[in-house]
Amino acid sequence: MIGNFDVGKMGGKVAQYNAIKGKLRPIRDNVIVEDMTFGETITKGGIILQSDDGTDEGIKPRWGRVYAKGPENKDDYKIGEWILIDHGRWSRGVDVEDPDTGVVVKLRRVDPKDVLAVSTERPNND
C-alpha cells in the first residue's frame, strides 16, 4: 500500500475507494450540489444517447440538486431544488457517506455566480 493506492501484481497502481464519512458544510456563499448528470441518458422513447462529454455537443450547462448552501448565500433557491450550472463551473466530485443512512453521494462545489436557472422539479434532459 502506497498512500491511497494499492500496488497491483503488474507493478501498476490500482485506485482504492475512499468515501468521506460525515456531512459537508460549505463556507461563505458556496453551494454544494449532488445528482449531476454525466454520461449516457435515455429518452422517454427509450433511445440511449451516448455520453457527449469531450465533444462540442458536450459543452453545455448541467443540472444539479442543491445539497447545501453556505451561510452567506442569500440566493432564492433552496436545498433540494435543482439549479442549472454554467458549463464546467463545478469541482471534481467527492464521495461522501452519510453517517446516518450509509448512503454514498457524489458532491461538487459550485460558485453561486455560475447558477443560471432554478427548478423545483427534476429537469428533463431530453
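Each value in this text was obtained by applying a stated rule to the coordinates, not by laboratory testing. This is a predicted model, so every value here is computed, not measured. Note that we place each Cβ from the backbone using ideal geometry, even for glycine, and neighbour counts take in every protein chain shown.
Overview of results
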quantity: Of LYS23/LYS106; LYS21/LYS106; LYS69/LYS106; LYS69/LYS113; LYS21/LYS78; LYS74/LYS106, pairs whose Cα-Cα distance is over 19 Å; calculated: LYS21/LYS78; LYS74/LYS106
quantity: GLU97-ARG28 pseudo-label distance in nm [points 7 Å out on the Cα-to-Cβ vector]; calculated: 3.2
quantity: Simple spin-label estimate for VAL118 and GLU72 in nanometres, 7 Å along Cα-Cβ; calculated: 2.0
quantity: Order by protection proxy (mean Cβ within 10 Å, highest first), peptides 61-67, 92-98, 108-114; calculated: 61-67, 108-114, 92-98
